[in-house]
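J.: Below you will find the structure I want to go over with you.
Bear in mind these aren't lab numbers, they're just calculated from the coordinates by the rules spelled out. This structure is a prediction, so every number in the text was calculated from the model and none was measured. Don't worry about glycine lacking a Cβ; one is built from the backbone with ideal geometry, like all the others, and counts go over all protein chains shown.
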Amino acid sequence: MSRSEIVRISKLMYEKDMVNALEGNVSVREGSKIYITPAGICKGSLKEEMLVVVDEEGNVLEGNYKPTSEMKLHLECYRLRKDITCVIHNHSTYATAYAIANKPIETKAYPEMMVIFDKIPVVAYGTPSTEEVHADVKNVIDKTDVFLLSRHGVVSVGSDLNDAFFKIEAVESIAKKLTIVKLLGEEAPLTEEQIGKLYEIRKNVFGKERV
């Protein structure tokens, strides 16, 4: 694991307007250690030495800053998914708009979305920075790598940082397109037969069932 990769992804999120100066957090698990972004630091100004290292219980092992206030969310994701090595949480505009509206991102007219993600579910609202924020995560994280936090933002987990970032970036792009479709009117849904074929591809190519 490279600290520079966490910094790179954090700055990329800031440059792509996926977080503002006060939002977002990134972590990477390496063995029993978790490298996580600090609280109160703009992702565009993050430096390697600012990262905090904690154990799986959240105890600080290294670092001169406080870990992000959403550390409990990251720890819960790692507890529930032993196969992942990183967690990204951000407030990208269009996907977060769905979260604020408490609506999942889903469609019956966008084949790529349906094959890759099926839908992006919303977990129940919980007060940010508390145990409540991740209380419902257990109900979705075994079915999807990306989900919305009701009235809050977006979470992506992955096998590495690029994996998690590309997923969360793709979901933002999809949310933007679907928002524009709503401005144009109702989407033109595929037939049930066409939809069935897409889910066959999803299962055969990605080995994934419907969310």
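J.: Can you tell me the relative contact order of the range 3-206? Whole percent, Cα pairs under 8 Å, sequence separation 6 or more.
T.: Once normalised by length, the contact order is 20 percent.
J.: Report the one residue of L51, P111, S150 whose Cα lies farthest in the direction of the positive end of the charge dipole of the chain (charges on C-beta: Lys and Arg +1, Asp and Glu -1; origin at the Cα centre).
T.: It is P111.
J.: In debye, nearest 20: dipole of the range 3-206 around its Cα centre with unit charges on the Cβ of K, R (+) and D, E (-)?
T.: Taking the Cα centre of the range 3-206 as origin, the dipole is about 220 debye.
J.: Based on the Cβ-Cβ distance of N139 and T191, what FRET efficiency does E = 1/(1 + (r/R0)^6) give at R0 = 25 Å, to the nearest 0.05? Write down the numbers at each step before the final one.
T.: Details: r = 31 Å, r/R0 = 1.22.
That pair, N139 with T191, gives E of 0.25.
J.: On to the next question. Pairs to check: K66/K167; K167/K197; K47/K143; K43/K208. Give those whose C-alpha atoms are more than 31 Å from each other in this structure.
T.: Flagged as over cut-off: K47/K143; K43/K208.
J.: Follow-up. Could you work out the equivalent-ellipsoid semi-axes for the chain, taking the square root of 5 times each eigenvalue of the Cα gyration tensor, largest first, in whole Å?
T.: 31, 18, 15
J.: Okay, moving on. What is the range 65-122 by shape, rounded, prolate or oblate, if you read a ≥ b ≥ c off the alpha carbon gyration tensor as root eigenvalues and call it rounded for a/c under 1.5, prolate for a/b larger than b/c, and oblate otherwise?
T.: oblate
J.: Any chance you could run the full-extension gain for A170 through Y199? It's 0.36 nm times the residue separation minus the Cα-Cα distance, nm to one decimal.
T.: Result: 8.6 nm gained on full extension.
J.: Whose amide H sits under 5 Å from the amide H of C86, counting only residues 5 or more places off or on another chain, with H placed in the peptide plane?
T.: When sequence neighbours closer than 5 places are left aside, the close amide H contacts are R29, G158.
J.: If I model a spin label as a point 7 Å beyond the Cα along the Cα-Cβ vector, how far apart are those points for E209 and L183 in nm?
T.: 3.9 nm
J.: Classify the range 34-76 from the C-alpha gyration tensor, please: rounded if a/c falls under 1.5, else prolate or oblate depending on whether a/b exceeds b/c.
T.: oblate
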